[in-house]
Amino acid sequence: MSYNIIYDKQFIRVDDYYIPIVLIGSSNLFEAETKARVRDWWIWQFVDNKNTQFLYTEKELLDYADKTIQRVIDTTNDRHRDNPVPVKEIKESFDSYSSVFSSNGGMTAGKFYGIFKNGIKRALTIEQLQKGGLDFQFVVYISEEEQRIRSLMPAVTTNTTQELKHSLKSFETFLNNNKEIQILISFYLGFGFGDWRYSLPKIKALRKRIFTKANKPKREVIQDYCYILEQNGRVLVRLTKYGYKYMYYREVLQSSWDLSAVKKFKTEKEAQRYLKQVVAKRGVSWEVKKIEKAASFRVAV
């Protein structure tokens, strides 16, 4: 059985619109020399629009994700009328029912929705790509018999958002005037030939520079409470290579005590996430506790 594997994504922002691009490949196609699975940068294929639309609003993309999840649920239970599959099971094993897999663990319904939600959040402009040393090219392919494809026109490189909008408008006009043609649209990011081995590391480095919280301006926020991690009267200060440092809970509650000395969290959700991802791995039972005491935090603007 063949299925699609999504390795990464990089949406392109064009004013208030987005081009949803994913690094995707078939599970049963392999490179002759490296034996690695074939993959490339492609615009997400929307079956219902006949591939004549290039730009999408945030609402269109998120609505599509919601409708796709619901369609998979409905289709699955239509095939199992005598023994319906629980919705929770379908969502948790979304890859098995949708034939869309992730290279980073299983594809759940939440992760599928995140492709579009996070893709929009971390979309880049043509100008940002250029600053990261990436050329943006796209090629339009036409489907032929026996699933063969050929290039419909030469690859186009755009250097600005305005150039991209002009080129896309020209292609949309062409496609709308030739609706009998079945089009597959491939968007390449890279150095002319668009090899993902060269473009993917640069894209990841560019995203890290732009979206890392440490690089964003911050401001101080003071609130009347915070959350800490407590265990047997001890409050976590920080983790160390071989264990952890702590202060006693009664000391933390002293009115003159500076809470900057302990590990504190702005919200309970942040504390629970830290507890689950980091502290729990040390094999020590900590609990999240709320303290009604003023605490300051540095948050991104």
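What the table below lists for this structure:
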| quantity | calculated |
| --- | --- |
| So residue 35, is it basic (Lys, Arg) and over 30 Å from residue 177 (Cβ atoms) | yes |
| Qualifying residue in segment 213-227 (condition: touching a residue at least 40 places away in the same chain (Cβ under 8 Å), in a strand (DSSP E or B) and out of contact with any strand residue (DSSP E or B) (no Cβ under 7 Å at 6 or more places or on another chain)) | no |
| Subset of segment 129-140 that is more than 18 Å from the chain's Cα centre (by Cα) and not in a loop (DSSP other than H, G, I, E, B) - its residue that is surrounded by the most Cβ atoms within 10 Å (Cβ to Cβ) | 136 |
| Segment 57-91 - residue that is of a type in the set (Asp, Glu) and at pLDDT 90 or above and, of those, farthest from residue 118 (Cα to Cα) | 74 |
| Number of the exception - residue 198 against (1) among the aromatic types (Phe, Trp, Tyr); (2) within 26 Å of the chain's Cα centre (by Cα); (3) at pLDDT below 80 | (3) |
| Identity of the residue in segment 253-284, in contact with a helix residue (DSSP H, G or I) (Cβ under 9 Å, 6 or more places away or on another chain) and in a loop (DSSP other than H, G, I, E, B), that ends up modelled with the lowest pLDDT | 257 |
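The values are calculated or read from the model by the stated rules, or taken from the named source; none is laboratory data. Bear in mind the structure is a predicted one, so any value in this text is a computation, not a measurement. Here Cβ is always computed from backbone atoms with ideal geometry, including for glycine, and neighbour counts include all displayed protein chains.
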